[in-house]
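Trainee: Structure provided below as C-alpha cells; questions to follow.
The values are calculated or read from the model by the stated rules, or taken from the named source; none is laboratory data. Please read all numbers here as calculations on a predicted model, not as lab measurements. Positions of Cβ are backbone-derived with ideal geometry, glycine not excepted, and every protein chain shown enters the neighbour counts. Areas reflect the complete protein model, heavy atoms only, side chains present, ligands, DNA and RNA absent. Shrake-Rupley method; radii C 1.70, N 1.55, O 1.52, S 1.80 Å.
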Amino acid sequence: MLEKANDWSDTFYDKWKPIAMGFVNGAEKCLQCGKCTGQCPAAAVNPSYNPRKIIYDLVNGNIKRVLSSVELWQCFFCSGCFATCPVDINFPFFVFMLRLGAMSQGFGWEDVKQLEKYAEKDYLQDGITVSPEERNPYVIEERGDIADIRQKAGMPRQREVSDEAIAEINMISDLSGMTNFMKKIGGVELYDCSKCTPKIEEKCKSKELPKKVGNVKTHYRFYNYGVPIGGADNA
Amino acid sequence: MHKLDKLSGIREEIVADIPIPEEIFYFQSCVASNKYPGIESCTLDVLNKLGVKPFVSEDQTCCGGFVTFANVAAPTASMPAVARNISLAEEEGLDICAVCNGCWTFLNEFGHFMNGNDEVKESVNMMLNMMGREYKGESNIFHIGAMLYKLKDRIAENVERPLEGLKFATHYGCHYLGGGKYGAIDDAQHPSFIQELVEIMGGENVDYTASGECCGTGFTQVINDKEKSLDHSQMKLESVRDEADPDFVIVLCPYCLSQLDRMQQQLDYRRDVKLDIPIIHITQLAGLALGLPKERLAFDAHIGGQDRFKKALNKIGIDY
Amino acid sequence: MDEKYKDGYVEKNYMEAFDGSGEEIGEEVLNYFEELFSLEMPLGRMMKMMPGMFKYAKRGKKYRKNLMNFAPEMMPMMKDAIKDAVGLGNKEERGV
Amino acid sequence: MSKKALVIGGGIAGINAAVELANNDKLVILVEKNGELGGNVNDMAATFPELDEAQPLLDEQKSKVEDNENIDIKFNSEVISVSGKAGDFKVEINEDGNTVAEEVGAIIVATGFNYMEPNDYSEYGYSRLDNVVTSQEYERMVMNGDIKKYSNSNVVFVHCVGSRDRVKGYRYCSKICCTYSAKHALLLKQEVPSANAFVFYIDIRALGKGYEEFIRDAIEDYGVRYIRGRVSKVINKEDTLLVKAENSLIGNPVELNADLVVLASAMEPQKDSKELAEILGIETDDYGFYKEAQSNMEPVKSSKEGIFLAGSCTAPLEIRESVAMGKAAASESLSFLG
Amino acid sequence: MLYKIGSDQKKNRILQKIKSSGNDNLNQCLQCYKCGGMCQKSDKFDYTPRQILEQIIDGLEESILNSRAIWICETCNECKIDCPVAINFKKIMASLREIAREEGIEPNTEEVNRKFVKKAHCPKKEDD
C-alpha cells in the first residue's frame, strides 16, 4: 500500500480543531504506544481495524485514507481507549467527527441508511428512538406483547410522549437541517421477519448504496488499513 | 471471590458531592420503556422506598444520543434537543437521574459542553425560546448506579428479601465509567461499587475474565455488522458461563441488557451456543432486594435465561 | 480472497474515488464542518428555518402563542441578517 | 570557614561524595534516614551492563565509608533546620530523637529517588493481583531465589508504567527502565532457562555505554521476545494473568497468558523532597526533583550557593552517573570548606 | 485480528523451517525497515518485508502464506545488502513459497513473478 505522502494535507488537523468547537483535541499528543488498540474489542474481531493508525493518519493529514476506509465504521464506540489512553485522547469523538467528514465525501451511506429509520420513524414521529414493535419472531411468540407486560406491571400500556414535545423536537430537527438531511438518504424499509423469503432476505441484507445523497456522489469504502484476511467475504 | 477489600477505586470526593434529594427528575430511557419495563417500574418503586420521590414528565423525549452517534443527526441538531430535555428538569428545579449509560454520558457531555461554550448556549437558547423554554444549565445529571451507591445505607435498612445463596456477576458497561471517566464515581478499569451493593443485599459476588469488556453492541455494529458484534458477545457470554456461572448478571445500561439478553437467543439460533444467563439491571437488583412483587420486576420481558430465572427466584421465595 | 482486493485495486480506486488532491479534499471537508458548526445567523439560514416554524405554528394555538412571544426577540436578528445580506451596513465593518 | 561538610542521604551518590571529601581530609557528617547505607542499591541483584553481583560492589563502597574516621555517619536521622550562608551553615539534625547542632561549610543533597507505587494503574491491577510486582520487588525475588518457581512459564516485563503518561503518572521518561528490564529478563533466563521472557516496549532507550549491546544480547542470544506496544490490560484469569497489548509493528492486538508481570514503575522524587527543599531553601521543579542552577553548565549546583546536588534527587539516573555526580559535588564543595 | 502468543517457538512451523534452511539470525532484525524503503516492488506488497519477519517470529502462518508479497518478490536480494544485520531475505521468501506450495495455497495475485511459475517442460529447480 504505497503512501503517497505528497497527497497528504498536513494542515487539515490544525485547521480542524478550532472549527469542531473543541469536540476534537489532543490527537497531536499521541505517543503511538498502542495501548488503545490492545484493549479494543473492535480490533480483536475485525481483521484490519486499528485506532492508533487512524489517529496517526489524521494527525499527519492522510485524510483520504481515513475517510474512504471501512475501518472507520467498525468502531464499537465503547470508549475503552479513552479510559486507558495515557494522553487522554477521546477517540470515539474523533471517529464520530471523521464519520461526518466521510459522509460529506460520499462514504458510509450504506450504514447510515440502515439507521435512518430510528431517527425518522421512531424519534421524530413518537419521540422514542427504540420502538416497542418487535421483529424477531422468537421474541413475539415467546415473550408476547410488551404492552401486556407493562400493564401487568401496573404501568400504562404504552409510554406516551406529549404531542407538544413531539412538535418541539420536530421543529428543532427542521431548524437544524436534520429533516432534509434524512430526506436525502431515504431509509431502508424494514421487512417483517416472520414473513421472510429468500428474495426479501437478500434485499434486507444487501448494503446497496443510495445513488446520490443530495449533490454528493456516493462511493463504496475500501479496506485501507491492511489486507482483510478472512474478513473480505463480508466487505 | 472478588477481592474487594484490597483496593477499591471508588472516588469518594465525587460520591460526596452527590446530593440526596427529596425529589428527582427520572429520565425515561427508550430501551427501558419499550423493551424492559421492569427497569422503569423498579426505579420508581425503589426510589420511593428510599425516600426520593421520582418526578416523571410526559414532555421528556429520547436523549437523542443514539441518533447522534449513529451519524444521522449532527451534533448541532441534537444539542438543542438535549438542552430542551434538561430545561424540563430545570423548570421543576430538580436534578436528573438517568438509568442508562448512554443517556447519562450524552446529557452530561453536551450539558458540560454547552455550559462551557457561551455562543453555543446562546444559539441553543435562541431555538428554545421559540418554544417558550430556556436552558440555564443548573441541574446536574446523575446515574442511577451512583444514586443507589449514595443511598446504600438506606438500602441496607430496607432490605426485605436478603439474596442469600445467589451468585451475582457484573457488567459495568462502557459509557458511564469509560466515556464519562471524569464524572463517574468509580474507576474505569477495576469498578467495585455494584459488588459493594450486592454484599449489602446479602448476595455473593463472582468474577469472570471478560468483566471489563464491552457488551458487543458497538452502538450501531449490532445493526450494521451483526457478525462482528455476535463474535464479541459470544466471547463475553461464554466467559460468563464458563468462569462465573452466576444466577444473575447485573448491568448498568438497558442497551447492554438488551444486547446480552437477546444475543443469547441469536447465538443459540445462529451458532448453536447454549447459554442460559439471566441479565438484570441494577434497579431490578435493588427491587429484588427491597421486596418488590414479581409483576413490578417484570422479568418475563427478558428473553434469555428464563429457566435460570425460575431456579434463582424460587431459591429466594418468588414462585416465578 | 475477494476479487476486489487483488493487486492494487485499493490503491487505484481509493485515489480515484476522490476527485482532487489531499489538500482540496481537506478544504472541502473543512468547509463542510465550517458550515455545519457555524453559529452566525445569515439570512440564507434564517430562510431555511422558516418552513420549520410554519409547520410548528400549524400544529396548534399554543404553539402560535409561543412563536408570538418569541417575535420581539427575532425582529432585531432579522434586521441584521437582511442588512448583512443586502449590504446596507457600513462597508468597513464588513471589510468589503 | 568551617572545615566540616554535611551530606544528606547515604545512597550510592552520598557515599561517594563523603569518601571524596574525606580523602581530601575534610570532616563529613553523613545523615541517613534509614538504619543502613546503600539506599536503593540495597535491593539490586545485579548491575548493568556487566551483570556482575551488586551487593559485593556495594559492601566494598560501604566499608570505605565505615572505616573512614573523617566521616561521622548518623543513622535514622534527618535535617530539621538550616540557616546561615555558604561557608558556615548552622544545621540542626534530629538523630534518633535528640537534636544535634552542627556548623558546616557546604551541604551536599543526595536523597535519591523512590519507585512509584503504581496503585493508580488499576488496569495493571498492581496491589490487587498477586503475580503483578514492581521492578524493585522483582529484584528482591531474584536475590532470595523466589524466581525459581517460574520455570517454563511466561514472565512479562512492562515498560513505561507511570512514566511518559500525562494522565495518571509523570510526563518524563525514567531513563533506565529499558536497560534494567533487559537486565531482569537476562537474570530470569540465567536463573530459569526454561522460562519465556516477553518485554513490551514503546521505544528502546539505551542511554549509556554498552547498554544497546546489552539489550541486543538479551534479544538475540537469550531469546527474550521484544514486542513494540504498551500493555493495555492485565486481567486475572483463573490462575494465570491475561496480558492484552498491541504488536504495533504489525498492527494486530496480542494476548498472552503470563504467570508473572513485572511493572517498570517510574522513578519519582522522595516523598519529603519538597519539605527538605523548604528547609534548605532550594528550588524544586514541579515534579519535586531539585532544580540545578543551570541545567547544562552547573548541573551540580543547586539554586542556593553552598548547597550541591548529587544523584537521582535531581532526575532519574543510573548508578554510574549518580557516582560521577557525587564526586563532582564533593570536588565543587571543597572551595567552601576551610 | 487478535492473535495469541506465548506458546514456545518450537511449535512455530515456519520459523523452524526457516531456521533449518540456514538463516537463524531472524531475531537480530531491528525492525528498522531499511529493506522496505529501497525495495523496488515494496509498493505492490501488502505486508512490508519487516512485517513478514515479525509475523514469522509470532507464527501468523495464515496471513503470511496468503500475502501477496511472497509471490511478487523480485529475489534481487538488494535488501540483504543494505540490511544492518544482513538478514538473507531472499532465502526466507523462498522457503515461504515452498511452504505455500506444499500447503497448496494459490497465489492471490496476478502479478506473480515469472520465475516462480514452473513450466511443465522446464527442469530447472526454482530460484537458483
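Trainee: Say R0 is 22 Å: what FRET efficiency, to the nearest 0.05, do A:Asp88 and C:Leu39 get from their beta-carbon distance?
Mentor: 0.25
Trainee: Whole-Hz ³J(HN,Hα) for each residue in region D:95-108, computed from phi via Karplus 6.51 cos²θ - 1.76 cosθ + 1.60 with θ = phi - 60°, x for glycine and proline: what do you get?
Mentor: Rounded to whole hertz, the list is 10, 6, x, 9, 8, 10, 9, 9, 10, 10, x, 8, 10, 10.
Trainee: Taking loop as defined by DSSP and a crowding limit of 16 other beta carbons within 10 Å, which GluC sites (Glu not before Pro) in region D:1-67 fit?
Mentor: Of the GluC sites (Glu not before Pro), the ones in loops of region D:1-67 whose Cβ has at most 16 other Cβ atoms within 10 Å are D:Glu36, D:Glu50.
Trainee: A follow-up question, please. I need the semi-axes of the equivalent ellipsoid of region D:96-188: take the C-alpha gyration tensor, multiply each eigenvalue by 5, square-root it, list largest first in whole angstrom.
Mentor: They are 32, 19, 15 Å, listed from largest to smallest.
Trainee: Kindly provide the helix-only [θ] at 222 nm of chain A, computed as the sum of -39,500 (n - 2.57) over DSSP H runs of four or more divided by all residues, to the nearest 500 deg cm²/dmol?
Mentor: Rounded to the nearest 500, the figure is -11500 deg cm²/dmol.
Trainee: Whenever you get a sec, line up E:Ile99, D:Ile12 from highest to lowest accessible area (probe 1.4 Å, protein heavy atoms).
Mentor: From most exposed to least exposed: D:Ile12, E:Ile99.
Trainee: Now a separate question. For chain A, modelled as a GNM with alpha-carbon contacts under 10 angstrom, which of A:Gln151, A:Gln125, A:Gln32 fluctuates the most?
Mentor: Per the Cα network of chain A with a 10 Å cutoff, A:Gln151 tops the list.
Trainee: Could you derive backbone 3J(HN,Hα) for region B:149-161 from the dihedral phi with the Karplus parameters 6.51, -1.76 and 1.60 (θ = phi - 60°), listing whole Hz in sequence and x where the residue is Gly or Pro?
Mentor: Each residue's phi maps through the Karplus curve to give 5, 5, 8, 5, 5, 5, 4, 4, 5, 9, 5, 9, 10 Hz.
Trainee: Full-extension gain between E:Leu30 and E:Glu62, please, as 0.36 nm times their residue separation minus the C-alpha to C-alpha distance.
Mentor: Stretched fully, the E:Leu30-E:Glu62 segment lengthens by 9.2 nm.
Trainee: Give or take rounding to whole Å, what are the principal axis extents of the alpha carbon atoms in chain D, in descending order?
Mentor: Largest to smallest, the principal-axis extents are 66, 39, 39 Å.
Trainee: Another question, if that's okay. Roughly to the nearest percent, how much of the accessible area of chain B is carbon and sulfur, given a 1.4 Å probe?
Mentor: Percent of accessible area from carbon and sulfur atoms in chain B: 49.
Trainee: Please get the size of the charge dipole for region A:110-235, origin at its Cα centre, with Cβ charges of +1 on Lys and Arg and -1 on Asp and Glu, quoted in debye to the nearest 20.
Mentor: 580
Trainee: Follow-up. So for B:Met263, B:Met235, C:Met68, what's the accessible-area order with a 1.4 Å probe, most first?
Mentor: Result, largest first: C:Met68, B:Met235, B:Met263.
Trainee: Taking the Cα-to-Cβ direction at B:Glu295 and at B:Gln265 and moving 7 Å from each Cα, how far apart do the two end points lie in nm?
Mentor: Spacing of the two 7 Å Cα→Cβ label points: 2.4 nm.
Trainee: With a probe of 1.4 Å, find how much accessible area chain A has per residue, and write the answer as a whole number in Å².
Mentor: 37
Trainee: To the nearest 10 degrees, how steep is helix A:163-175 against the longest Cα principal axis of chain A, on a 0 to 90 scale?
Mentor: Between helix and principal axis, roughly 30 degrees.
Trainee: Please give the helix B:226-239 orientation as an angle from the longest Cα principal axis of chain B, in degrees from 0 to 90, rounded to the nearest 10.
Mentor: Result, in degrees: 50.
Trainee: To continue, here is another question. Quick one: what are the phi-derived ³J(HN,Hα) couplings along region B:248-255, Karplus 6.51/-1.76/1.60 with θ = phi - 60°, whole Hz, x for glycine and proline?
Mentor: Once θ is set to phi - 60°, the couplings for region B:248-255 become 9, 10, 9, 10, 9, 9, x, 6 Hz.
Trainee: Placing unit charges on C-beta atoms (Lys and Arg positive, Asp and Glu negative, everything else neutral), compute the dipole magnitude of region B:208-320 about its Cα centre in debye, rounded to 20.
Mentor: Taking the Cα centre of region B:208-320 as origin, the dipole is about 220 debye.
Trainee: Work out the length of the dipole vector of chain B about its Cα centre, built from +1 on the beta-carbon of each Lys and Arg and -1 on the beta-carbon of each Asp and Glu, and round it to the nearest 20 debye.
Mentor: Dipole about the Cα centre, nearest 20: 700 debye.
Trainee: Please compute how much accessible surface disappears when D pairs with E, both sides summed, using a 1.4 Å probe, and round it to the nearest 100 Å².
Mentor: Buried area (both sides, nearest 100 Å²): 1700 Å².
Trainee: Per-residue ellipticity at 222 nm for chain D, helices alone: DSSP H runs ≥ 4 residues times -39500 (n - 2.57), over residue total, nearest 500 deg cm²/dmol?
Mentor: Calculated mean residue ellipticity at 222 nm is -7500 deg cm²/dmol.
Trainee: Continuing with this model, one more query. With every protein chain left in place and a probe of 1.4 Å, what is the accessible surface of D:Met297, to the nearest 10 Å²?
Mentor: Solvent-accessible area, nearest 10 Å²: 150 Å².
Trainee: Moving to a separate point now. Send over the per residue convex hull volume for the protein assembly as shown, Cα only, as a whole number of Å³.
Mentor: Enclosed volume per residue, from the Cα hull, is 216 Å³.
Trainee: Which shape class, rounded, prolate or oblate, goes with region D:149-238 when its Cα gyration tensor gives a ≥ b ≥ c as root eigenvalues, a/c under 1.5 marks rounded, and past that a/b bigger than b/c marks prolate?
Mentor: Verdict is oblate for region D:149-238.
Trainee: Cα-Cα pairs above 15 Å in region D:78-128: how many percent?
Mentor: 63
Trainee: Could you put E:Tyr3, C:Tyr32 in order of accessible surface area, largest first, with the 1.4 Å probe and the full protein assembly present?
Mentor: Descending accessible area places them as C:Tyr32, E:Tyr3.
Trainee: Can you pull the three principal axis extents for the Cα set of region E:39-91, in Å, largest first?
Mentor: 29, 22, 16
Trainee: I've got another one for you. Just checking chain A: which Cys have no other cysteine's beta-carbon under 4.7 Å?
Mentor: A:Cys30, A:Cys33, A:Cys40, A:Cys75, A:Cys85, A:Cys193, A:Cys196, A:Cys204
Trainee: Any lysines with Cα under 16 Å of the E:Lys34 Cα? List them, leaving off those in the same chain fewer than 8 positions away.
Mentor: Qualifying lysines at Cα under 16 Å: E:Lys80, E:Lys90.
Trainee: While we're on this one: Between region A:5-52 and region A:65-108, what's the alpha-carbon centroid distance in Å?
Mentor: Cα centroid to Cα centroid, the span is 7 Å.
Trainee: Could you give the distance between the Cα centres of region B:83-161 and region D:65-105, to the whole Å?
Mentor: Between the Cα centre of region B:83-161 and that of region D:65-105, the gap is 60 Å.
Trainee: With labels modelled as points extended 7 Å from the Cα through the Cβ direction, what inter-label distance (nm, one decimal) is found for E:Asn77 paired with E:Glu98?
Mentor: Between E:Asn77 and E:Glu98, the simple spin-label model gives 1.6 nm.
Trainee: Considering the alpha-carbon set of region B:159-315 alone, what are its Rg and its Dmax in angstrom?
Mentor: Reported Rg and Dmax, both Å: 15.0, 44.
Trainee: Turning to a different aspect of this structure: Output the Kirkwood hydrodynamic radius of region D:179-338, Cα pairs only, in Å rounded to one decimal.
Mentor: 18.8
Trainee: A further question on this structure: In peptide B:177-186, how many Cβ atoms from other protein chains are near each Cβ within 10 Å, on average?
Mentor: 3
Trainee: Continuing with this model, one more query. Provide, in order from the shortest bin, the percent of all Cα-Cα pairs of region A:121-235 in each 5 Å bin, continuing until the bin that contains the maximum pair distance.
Mentor: 2, 8, 11, 13, 15, 15, 15, 11, 6, 3, 1
Trainee: Mean projection of the alpha-carbon convex hull of region D:16-65 over all orientations, in nm²?
Mentor: 4.1
Trainee: While we're on this one: So what's the Cα pair-distance distribution over region E:13-117, bin width 5 Å, in %?
Mentor: Percent of Cα pairs in each bin: 2, 13, 27, 27, 21, 9, 1.
Trainee: To continue, here is another question. Taking the convex hull of the Cα atoms, report for chain B its projected area averaged over all directions, in nm².
Mentor: Seen from a random direction, the Cα hull of chain B projects 15.6 nm² on average.
Trainee: Please state the shape class of region D:116-267: rounded when a/c is under 1.5, otherwise prolate if a/b exceeds b/c and oblate if not, all from the C-alpha gyration tensor.
Mentor: It is rounded, given that a/c, with a ≥ b ≥ c, falls under 1.5.
Trainee: If you don't mind, there's one more thing I want to ask. Leaving out ligands, DNA and RNA but keeping every protein chain, what accessible area does B:Ile20 have, in Å² rounded to the nearest 10, with a 1.4 Å probe?
Mentor: Spelled out: B:Ile20, probe radius 1.4 Å, area about 70 Å².
Trainee: Measuring from centroid to centroid over Cα atoms, what is the spacing of region B:269-286 and region B:25-40 in Å?
Mentor: So the separation of the two Cα centres works out to 18 Å.
Trainee: Sticking with this structure for a sec: Once amide H atoms are built 1.01 Å from N in the peptide plane, which residues 5 or more positions from B:Ile279, or in another chain, come under 5 Å H to H?
Mentor: B:Val249
Trainee: Stretch C:Met47-C:Lys65 to full length: gain in nm at 0.36 nm per residue minus the Cα-Cα span?
Mentor: 4.4 nm
Trainee: Just to be sure I understand: of the beta bridges DSSP finds with both ends in the protein assembly as shown, what percent are antiparallel, rounded to 5?
Mentor: 40
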